[in-house]
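Have a look at the structure below before the remarks.
The values are calculated or read from the model by the stated rules, or taken from the named source; none is laboratory data. Everything numeric in this text was worked out from a predicted model, so none of it was measured. All Cβ positions, glycine included, derive from the backbone under ideal geometry; neighbour counts span all protein chains shown. SASA here: full protein model, heavy atoms, side chains in, ligands and nucleic acids out. Shrake-Rupley method; radii C 1.70, N 1.55, O 1.52, S 1.80 Å.
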Amino acid sequence: MNDIKNLENKRLTILSNLKMVLLFLSGLAVLAFTYLYFSSNDFLTSLFIPSFCVIFLYQTYRNFIVKNFNYEFKNKLLREIITNISPNLDYFPNKFIDKKEFYYPNIYKIADFYSGNDLIDGKFKGVNIKLSDLFLQEEIITYDEKGNQKVRYETIFKGIFFIADFNKFFTSKTYVLSNKIAFLKKSGNRAYMDDVEFEKCFKTFTNDQINARYVLTPSFMERILKIRDFFKKEINIAFLDNKIYIYLEFNYDSFEPNLKANLLGENSILNIYESEILNLLNLVEELKLNQKIWKSYEK
């Protein structure tokens, strides 16, 4: 509790310092604008240079002042939350799931930039699980009519990647994919499932039509729909080599500390993050991965 109170005091101090710095820099920017405008009579240049300097200096100072706060938040408070949920889970704030595991199901194309954080690894409810935030971008280079190069970046994936063991071996390679996914490397043939709502939300591909239906039972499809409705985000799933790979496209970094959010009280950011972590870990129970209900199938 003392750690939380101390960090809450640091948060309030940081916010106060940031406000004072912003006011100070804004005052300097006004003076600089006035000087430049009366010297050059160029409104846009006089506005741009001070504005750019204010943004750059403020962001540099902000990154510096919150670095230690972020470290303590994750290494003390978030780690304690995860340990309290299960002592069999390890938390690594600066690590993330390796790209080989992410690309193994061949759903997303190779990114130019692959990064992440907040790796949770271990056992939950007796099931081996691993999850982390990941951020993948593609660098796109184009040229205008004059031959000038332009570089832009497109997000391939930004969200939570979750891997867990199944209790029984299955022989098929089966994919449950959002209809909106843009980077699919198709594997196998389309499997049309009997659940009408499931078919509206997902496309299923497999290299073994019969075996895929042992995995995607009617009740299991209902659970996937329930998870999709709960998170209200795009979900893609692969079933390979006795594992389930779940891609949750949240489009934000899940567990970064928010300076504007309180650390104390019922609606604190800690309570929110604890709930979000539990929601992710409870995929094990929602999908009944901890129950020995699967039967192996062999041709």
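Tallying residues that are under 30 Å from Leu278 (Cβ atoms) and hydroxyl-bearing (Ser, Thr, Tyr) within segment 34-89 yields 3.
Within segment 181-190, can one find any residue that is more than 15 Å from Asn106 (Cβ to Cβ), modelled with pLDDT of 85 or more, open to solvent by less than 30 Å² (accessible area, probe 1.4 Å) and part of a strand (DSSP E or B)? Looking through segment 181-190, none of the residues is more than 15 Å from Asn106 (Cβ to Cβ), modelled with pLDDT of 85 or more, open to solvent by less than 30 Å² (accessible area, probe 1.4 Å) and part of a strand (DSSP E or B). The numbered conditions (1) buried (at least 19 other Cβ atoms within 10 Å of the Cβ); (2) under 17 Å from Lys288 (Cα atoms); (3) modelled with pLDDT under 90 are all true for Asn211 except (2). Based on what the data block shows, is Tyr91 assigned to a strand (DSSP E or B) and crowded, with 17+ Cβ neighbours inside 10 Å? Yes; evaluated as a whole, the condition is true for this residue.
What are the residues in segment 233-250 that are open to solvent by less than 10 Å² (accessible area, probe 1.4 Å) and either polar (S, T, N, Q) or more than 19 Å from Asp208 (Cβ to Cβ) (or both), if any?
Filtering segment 233-250 down to residues open to solvent by less than 10 Å² (accessible area, probe 1.4 Å) leaves 235-240, 244, 246-248.
Ile235, Asn236, Ile246, Tyr247, Leu248, listed by residue number.
Of all residues in segment 143-178, those satisfying the criterion of being assigned to a strand (DSSP E or B), open to solvent by 60 Å² or more (accessible area, probe 1.4 Å), out of contact with any Asp or Glu (no Cβ under 7 Å at 6 or more places or on another chain) and not basic (Lys, Arg) are Tyr143, Gln149, Thr155. Residues in segment 192-201 that are among the hydrophobic types (A, V, I, L, M, F, W, C), open to solvent by less than 90 Å² (accessible area, probe 1.4 Å) and assigned to a helix (DSSP H, G or I): Phe198, Cys201. Annotation note: Cβ proximity below 7 Å between a residue of segment 231-246 that is more than 12 Å from Asp165 (Cβ to Cβ) and among the acidic types (Asp, Glu) and a residue that is at pLDDT 90 or above and in a strand (DSSP E or B) (sequence gap 6+ or interchain) occurs for Glu234/Glu249. Only one of the numbered conditions (1) among the aliphatic types (A, V, I, L, M); (2) under 20 Å from the mean Cα position of the chain (by Cα); (3) at pLDDT below 90 is not met by Leu264, and that is (2). Sub-8 Å Cβ pairs linking a first residue in segment 22-42 that is closer than 15 Å to Leu57 by Cα to a second residue that is at pLDDT 90 or above and hydroxyl-bearing (Ser, Thr, Tyr), at least 6 apart or interchain, are Leu22/Tyr58; Leu25/Tyr58; Ala29/Ser51, ordered by first then second residue.
Filter segment 251-276 down to residues that are touching a residue at least 40 places away in the same chain (Cβ under 8 Å) and of a type in the set (A, V, I, L, M) and give me whichever is most open to solvent (accessible area, probe 1.4 Å). Spell out the reasoning first.
Of the residues in segment 251-276, the ones touching a residue at least 40 places away in the same chain (Cβ under 8 Å) are 251-257, 259-260, 262-264, 270, 273-274.
Cutting the leftovers down to of a type in the set (A, V, I, L, M) gives us 259, 263-264, 270.
Details: Leu259: 11, Leu263: 7, Leu264: 70, Leu270: 15 Å².
Within segment 251-276, the match that is most open to solvent (accessible area, probe 1.4 Å) is Leu264.
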